[in-house]
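Single-structure report; data block below.
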């Protein structure tokens, strides 16, 4: 499968726009999903050929131009729905003036695109786009030097782990609220202990790492082999990770896992284990239902 630069396709489409829109009111829609386990936004943009008055094969270039010209309009709200932290989405940051649409669209144009394909019934032309979530994450990391990770005056003996796995796939009590909810994925979840000491937040991350945490489903911790972890999970946390269970969640949107004070001490008592946080060697296990957010629109 060949991938093409969206920016090149988008710019080339302007050469055909004047001819395209003379064909009528084209019906163009988008469907896809934010896929946190893959760290991707996958989208399909489709054109109803009859609505645009386009016939194949002569009208193929015009159809492709419509798809390319509509890409930014359709993908923009989906990127704005990405959860940044427990309090904000990308759209919230833009509304508050902390980020701008120009930066969002510049990132959107870095998506990989597959050349448009006709439907089996030859009535629709569809283009496929993949945008990495890590690229969005990097855009919000503004510090050059990470701040210090908290230490303890009473360190406990702890082996040198290769990573940290936080199992938060079940319903969790929400700190400060009645009832429970599932932990949700975000670009920058904070990690707290049960005494509500902040253990990890984005400014503690090595800015060259990109992704603060990675998300996986429960099946990832029940794989075969000596570690019991899937290869994808092992690639993030290594073969000897510290495995802890979340004790709760925090946030307006419950993105922040709470771990026990005892588990937190295992992490912050040694420089080797504190460095796991700084290097993003963290995997959070979530319920399957929150790892994929489908979308559809016109």
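What the table below lists for this structure:
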| quantity | calculated |
| --- | --- |
| Antiparallel DSSP beta bridges within region 164-290, percent to nearest 5 | 35 percent |
| Mean projected area in nm² (Cα convex hull; one quarter of hull surface) for the chain | 18.2 nm² |
| Sorted by Cβ density within 10 Å, fewest first, the residues 109, 101, 277 | 101, 109, 277 |
| The chain, helix-only ellipticity at 222 nm - DSSP H runs n ≥ 4, -39,500 (n - 2.57), divided by all residues, nearest 500 | -7000 deg cm²/dmol |
| Computed Rg/Rh of region 30-188, alpha carbon atoms with Kirkwood Rh | 1.12 |
| Top of 250, 102, 140 by mean-square fluctuation, Gaussian network on the chain, Cα under 10 Å | 102 |
| Calculated P(r) tail over 19 Å for region 118-227, as whole % of Cα pairs | 65 percent |
| Residue of 73, 281, 38 that the Gaussian network model of the chain assigns the largest fluctuation, springs spanning Cα pairs under 10 Å | 73 |
| Euclidean distance of C-alpha centroids, region 164-239 and region 76-115, integer Å | 23 Å |
| Reference-scaled alpha-carbon Rg (2.2 N^0.38 Å with N residues) for region 135-195 | 1.50 |
| Dimensionless Rg/Rh of region 225-279 - Kirkwood Rh, Rg from C-alpha atoms | 1.01 |
| Rg(Cα)/(2.2 N^0.38 Å) for region 25-116, N = residue count | 1.26 |
| Fluctuation leader among 257, 120, 207 - the chain, Gaussian network, Cα springs under 10 angstrom | 120 |
| Potential lengthening between residue 25 and residue 260 on full extension [0.36 nm per residue; Cα-Cα distance subtracted] | 78.8 nm |
| Residues 270, 255 arranged by fewest to most Cβ contacts within 10 Å | 270, 255 |
| √(5λ) per eigenvalue of the Cα gyration tensor, region 28-67, largest first, Å | 28, 9, 6 |
| Taking all pairs of distinct alpha-carbon atoms in region 164-290, Kirkwood radius in angstrom | 14.6 Å |
| Inter-probe distance in nm under a simple model that places probes 7 Å from Cα toward Cβ, at residue 72 and residue 196 | 4.4 nm |
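Any read-out appearing in this document is the output of simple, stated calculations on the displayed coordinates, not a laboratory observation. Everything numeric here is computed off the predicted structure, so don't read it as measured data. Counting neighbours? That spans all protein chains shown, and the Cβs are built from the backbone with ideal geometry, glycine included.
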